[in-house]
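In what follows, a structure is listed as structure tokens, so that the remarks can point back to it.
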There are 2 protein chains.
Amino acid sequence: MRLSRYFLPVLKENPAEAQIVSHRYMLRAGMIKQQAAGIYSWLPLGFKVLRKLENIVHEEQQRAGHIPLLMPTLQSADLWRESGRYDDYGEEMLRIKDRHGRDMLYGPTNEEMITDIFRANVSSYKDLPLTLYHIQWKFRDEIRPRFGVMRGREFFMKDGYNFDLTKEDALHAYNRHLVSYLRTYERMGMQAIPMRADSGPIGGDDTHEFLVLADTGESEVFYDSAVTDIRLGARDINYDDKAQCQAIMEEFTALYARTDETHDEALFNQIPEERRRSARGIEVGQIFYFGTKYSEPMGATVQGPDGKQVPVHMGSHGIGVSRLVGAIIEASHDDKGIIWPEGVTPFHCGIVNLKQGDEAADAACDKIYAALTAVGLDPLYDDTQERAGGKFATMDLIGLPWRITVGPRGLKNGVVELTSRRSGESVELSPEEAVKKVAEIYRPHQEASPHWQPMAERSFHTWL
Amino acid sequence: MRLSRYFLPVLKENPAEAQIVSHRYMLRAGMIKQQAAGIYSWLPLGFKVLRKLENIVHEEQQRAGHIPLLMPTLQSADLWRESGRYDDYGEEMLRIKDRHGRDMLYGPTNEEMITDIFRANVSSYKDLPLTLYHIQWKFRDEIRPRFGVMRGREFFMKDGYNFDLTKEDALHAYNRHLVSYLRTYERMGMQAIPMRADSGPIGGDDTHEFLVLADTGESEVFYDSAVTDIRLGARDINYDDKAQCQAIMEEFTALYARTDETHDEALFNQIPEERRRSARGIEVGQIFYFGTKYSEPMGATVQGPDGKQVPVHMGSHGIGVSRLVGAIIEASHDDKGIIWPEGVTPFHCGIVNLKQGDEAADAACDKIYAALTAVGLDPLYDDTQERAGGKFATMDLIGLPWRITVGPRGLKNGVVELTSRRSGESVELSPEEAVKKVAEIYRPHQEASPHWQPMAERSFHTWL
């Protein structure tokens, strides 16, 4: 994208209403605009990141064998009366009457509706196991929405539901979700630690929250510092392998890691003192096993192998997709702006032309742009007349992890500058080498997508 | 996808509530489930098609230089009071009060909100031209929702808005939308004819609707039969070229083609009699130029080259994405089920194993599945124990355009059967040749995506 043709309304001043850094930077970088309390438009740069996160969640859920569908935003109140949650849910549920006076609501979650879909279409244990999920806008009418997209009223969330014949199968689904979530967050460049949690209004026995450590987190968390050393990495996972999923679950949850809701001081004190940590964390996901809590009252049963009707064992599993945009920024920024991890950056590489209108500089920028595009990357080329300092400030603010700076002086020596946003370090390279280096950096991220296909080999010379 | 692991709840019986063929087949093929009047869940097969259409719309809009963002589903009533439409809109607008008693609404369209985004962020003619669009769920509280997703209450729509300094520039935006829409529909395998239309509550001078001819269409249409011979095809389009876009607009709109709302009997009778046609049509998109209708009352002005503030010239442009799913089925089906065009089919090719459990048949199916996947295609393999007749009936109902049938008898002769859903014709080919043929069929559709990258050359032998 050429900046002259894009819509990137950056702000020079800090907006007064923003109390935390992600909210401030999202407003300043032209990612969002508030339309009502807790309701945001996602401007082009913000939408691009949101869509990237959505795609990663889709890819990792489908890799785990989970099946996407899409439930509507509005639901009939009758369904919630069946489960008994219509009256229980409180004022956070946005209640609506349609033109015929029928009671509707804007879905805050979908246990009831997915159970309704299941019971209408599945009747035999032979159709299990089954995990369905969707990524859809939801609404919770928070009394005091704040912190931008971190606690918005209209928010974008992945929620998935497993249906299994036995508790054992349902716990495998639980483990499968835990593993797929770890992989999802790692692809996004985040470390999210599974912590034993409280089940709250969803109910159930087993539940873990995933927390990203950040000073601005809403939860107090307590953990064994060794937990932050564990990574899933590139290990090969077979999501059908119950033992493997169970082992990974145990590996990631054996060490003490809890939120204040479930914190146990006595257990915590058994950790060697030098590894005891308390910090703040942002919740970016949660998994639940809740057995037959919804299937029993709502009649979601299947015929078992013995011919008897049994209620299915269920769980639900959520990732806060819009909230993650804020959480990533909370975890990855400096005083100049956002620092996007490579896996989620809206553009892979910035191109700054130090002298727009200079024939050699313009031509080199065009070639670099074309070469990055040819390897499947998406550069943002600042081709405006803005002075160099302004161009750098914008690139730093919007947080692209890599920047190639092109100027007539460097070109005379055959070099451009490749700069890391995170370290601030620059190296001088030929335009060809700079493109090759950026392509190499992103190659593992491209390959992380199950839809990645090796491209035809082309020499870097032909691109440039 | 292996059918044994998918969620495809097909119905044998015709659902009583469905009056038109698309609604009937979408229910029978397990694409949708009604959750409330005019509100549907998109089950996995339906969601897959919806997402494909969404992606094609995104690709073609971005190819035309239009910039995606995402506005929320809920809006503040205040914005609509500014434009004067809050009271005008009538009962189709779903009005909501939040917990603080504030007036909200579920957006039926977004002229007000996009104008608000524009005026908050753009102040100079130098930032024009600008076209922003989004694809988002909308709500119109139809008094009698019917025909499934064709006239739902909650529906998925692309709406785009252009902001230009002059009427001339805005008319170029209008033409650019017309051309990009033609390309969008053609990629979906549809012919949608632009017809002069009535502007209705959006207002404005220039407007065309895009209509797909189908017996069940809600509009009566009148046209010169020669209009159905024009195709955009693979011609090279430069969306910055005003003359080229204007010429294509004229080419597609010069011949008589109107809906009953704007039909002119006298003009119609000037068409040579043998080319006069009246038929039914389904509206799948509409483009508007409405000048300063919203920018003036809402203060969306820019500083022009002469330093004076001028209201911008605007237009809005919509494609009914969820409705298109129904429209495509109305235009492309037979008495056995849906016939998906290659560009939008949920799976590219069905694989039917005539004898599940036969070692040779199972192995051949696995190889064909892997080979299709390796060329970037997405097959649906019916690996269930269902008898052959049932497998064929399901494949015909869900409408995959190509099917490879594998059985022990054919394999003994080294062949499988490749069948066209549209013509019903079958040919016997080696498994290798069948895969190669399917790959060739889809190659132009893969290349039609701007994100397509040529894959590394691999011999068909190594895939199999």
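The values are calculated or read from the model by the stated rules, or taken from the named source; none is laboratory data. Because the structure is predicted, anything quoted here is derived from the model rather than measured. Every residue, glycine among them, receives a Cβ derived from its backbone with ideal geometry; neighbour counts consider all protein chains shown. These area figures cover heavy atoms from the full protein model, side chains too; ligands, DNA and RNA do not enter into them. Shrake-Rupley method; radii C 1.70, N 1.55, O 1.52, S 1.80 Å.
Could you tell me which residue of segment A:221-235 is farthest from the chain's Cα centre (by Cα), considering only residues that are modelled with pLDDT of 95 or more and among the charged types (D, E, K, R)? I'd like the intermediate steps shown before the answer.
Here is the first cut: in segment A:221-235, the residues modelled with pLDDT of 95 or more are A:221-232.
Now narrow it down to the ones that are among the charged types (D, E, K, R): A:224, A:229, A:231.
Numbers: A:ASP224: 25, A:ASP229: 21, A:ARG231: 17 Å.
Checking each candidate, the answer is A:ASP224.
Please report, ordered by residue number, the strands (runs of 3 or more DSSP E) entirely within segment B:282-360 with at least 1 residues that are open to solvent by less than 40 Å² (accessible area, probe 1.4 Å) and among the aliphatic types (A, V, I, L, M).
Those strands (runs of 3 or more DSSP E) span B:301-303, B:313-320, B:349-353.
Can you pull out the residues in segment A:234-258 that are open to solvent by 50 Å² or more (accessible area, probe 1.4 Å), of a type in the set (Gly, Ala, Ser) and more than 22 Å from A:ALA170 (Cα to Cα)?
Within segment A:234-258, A:ALA234 is the sole residue that qualifies.
What are the residues in segment B:438-464 that are surrounded by 16 or more Cβ atoms within 10 Å (Cβ to Cβ), modelled with pLDDT of 95 or more and more than 14 Å from every other protein chain (Cβ to nearest Cβ), if any?
B:VAL438, B:ILE441
Results for (1) without any contact (Cβ under 8 Å) to a residue 24 or more places away in the chain; (2) under 14 Å from A:GLU432 (Cβ atoms); (3) among the hydrophobic types (A, V, I, L, M, F, W, C), shown as yes or no for each residue.
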site	(1), (2), (3)
A:PHE347	no, no, yes
A:LEU354	no, no, yes
A:ALA360	no, no, yes
A:ILE368	no, yes, yes
A:GLY376	no, no, no
A:LEU380	no, no, yes
A:ASP383	no, no, no
A:PHE392	no, no, yes
A:GLY407	no, no, no
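Which one of these is more than 24 Å from A:GLY46 (Cα to Cα) and not assigned by TED's automatic domain parsing to the domain that holds A:GLU330: A:VAL352, A:VAL415?
Among A:VAL352, A:VAL415, only A:VAL415 is more than 24 Å from A:GLY46 (Cα to Cα) and not assigned by TED's automatic domain parsing to the domain that holds A:GLU330.
Just for segment B:118-141: of the residues that are assigned to a helix (DSSP H, G or I) and within 26 Å of B:ASP240 (Cα to Cα), which one is nearest to the other protein chains (Cβ to nearest Cβ)?
B:ASN121
List the strands (runs of 3 or more DSSP E) that sit entirely inside segment B:148-219 and contain at least 2 residues that are in the same structural domain as B:ILE32 (by TED's automatic domain parsing) and of a type in the set (Asp, Glu).
B:154-164, B:206-213
Is it the case, given these coordinates, that B:GLU91 is of a type in the set (D, E, K, R) and within 9 Å of chain A (Cβ to nearest Cβ)?
Answer is yes for this residue.
Among the residues of segment B:261-279, is any in a helix (DSSP H, G or I) and within 19 Å of B:ALA173 (Cα to Cα)?
Checked against the condition, which is being in a helix (DSSP H, G or I) and within 19 Å of B:ALA173 (Cα to Cα), segment B:261-279 yields no hits at all.
Can you tell me which of (1) open to solvent by 40 Å² or more (accessible area, probe 1.4 Å); (2) at the interface with chain A (Cβ under 8 Å from one of its Cβ atoms) is the one B:ILE67 doesn't meet?
Condition (1) is where B:ILE67 drops out.
Within segment A:48-55, identify whether any single residue is open to solvent by 10 Å² or more (accessible area, probe 1.4 Å) and facing another protein chain (nearest Cβ under 9 Å), and answer yes or no.
Within segment A:48-55 (the criterion being open to solvent by 10 Å² or more (accessible area, probe 1.4 Å) and facing another protein chain (nearest Cβ under 9 Å)), the answer is yes, since at least one residue qualifies.
Could you list, ordered by first residue, the pairs with Cβ atoms under 9 Å in which the first is in segment B:259-274 and open to solvent by less than 50 Å² (accessible area, probe 1.4 Å) and the second is part of a loop (DSSP other than H, G, I, E, B) and not hydroxyl-bearing (Ser, Thr, Tyr), at least 6 apart or interchain?
Pairs that qualify, where the first residue is open to solvent by less than 50 Å² (accessible area, probe 1.4 Å) and the partner is part of a loop (DSSP other than H, G, I, E, B) and not hydroxyl-bearing (Ser, Thr, Tyr), are B:THR259/B:ALA197; B:THR259/B:ASP198; B:THR262/B:ALA197; B:THR262/B:ASP198; B:ILE271/B:LEU255.
Return yes or no: is A:PHE7 over 21 Å from the mean Cα position of the chain (by Cα) and farther than 18 Å from A:GLU142 by Cβ?
On the way: over 21 Å from the mean Cα position of the chain (by Cα): yes; farther than 18 Å from A:GLU142 by Cβ: yes.
Criteria met by A:PHE7.
Which one of B:GLU60, B:GLU82 is charged (D, E, K, R) and open to solvent by less than 20 Å² (accessible area, probe 1.4 Å)?
B:GLU60
Can you find even one residue in segment B:311-326 that is free of Cβ contacts under 8 Å to residues at least 12 places away in the same chain, farther than 14 Å from B:LYS167 by Cα and assigned by TED's automatic domain parsing to the domain that holds B:LYS138?
no
Of everything in segment B:70-82, what is more than 7 Å from every other protein chain (Cβ to nearest Cβ) and in contact with a strand residue (DSSP E or B) (Cβ under 6 Å, 6 or more places away or on another chain)? Give them in sequence order.
Passing the criteria: only B:ALA77.
Could you check B:GLU428 against (1) open to solvent by 50 Å² or more (accessible area, probe 1.4 Å); (2) outside any strand (DSSP E or B) and say which number it fails?
If we test B:GLU428 against (1) open to solvent by 50 Å² or more (accessible area, probe 1.4 Å); (2) outside any strand (DSSP E or B), just (2) comes out false.
Within the group A:ALA214, A:ALA226, A:ALA170, which residue is of a type in the set (A, V, I, L, M) and either surrounded by fewer than 22 Cβ atoms within 10 Å (Cβ to Cβ) or out of contact with any Asp or Glu (no Cβ under 8 Å at 6 or more places or on another chain) (or both)?
After ruling out the rest, the residue left standing is A:ALA226.
Could you give every pair whose Cβ atoms fall below 7 Å, whose first residue belongs to segment A:15-44 and is within 11 Å of another protein chain (Cβ to nearest Cβ) and surrounded by 21 or more Cβ atoms within 10 Å (Cβ to Cβ), and whose second residue is β-branched (Val, Ile, Thr) and assigned to a loop (DSSP other than H, G, I, E, B), counting only separations of at least 6 or pairs across chains?
What qualifies is A:GLY30/A:VAL10.
Taking the conditions exactly as written (polar (S, T, N, Q) and open to solvent by less than 40 Å² (accessible area, probe 1.4 Å)), does A:SER4 satisfy them or not?
It is false that A:SER4 is polar (S, T, N, Q) and open to solvent by less than 40 Å² (accessible area, probe 1.4 Å).
Consider segment A:228-242. How many of its residues are out of contact with any helix residue (DSSP H, G or I) (no Cβ under 8 Å at 6 or more places or on another chain), assigned to a helix (DSSP H, G or I) and closer than 19 Å to A:ILE287 by Cβ?
Here is the first cut: in segment A:228-242, the residues out of contact with any helix residue (DSSP H, G or I) (no Cβ under 8 Å at 6 or more places or on another chain) are A:228-229, A:234-236, A:240-241.
Those still in the list that are assigned to a helix (DSSP H, G or I) too: A:228-229.
Add one more test, that the residue is closer than 19 Å to A:ILE287 by Cβ, and what stays is none.
Total meeting the criteria: 0.
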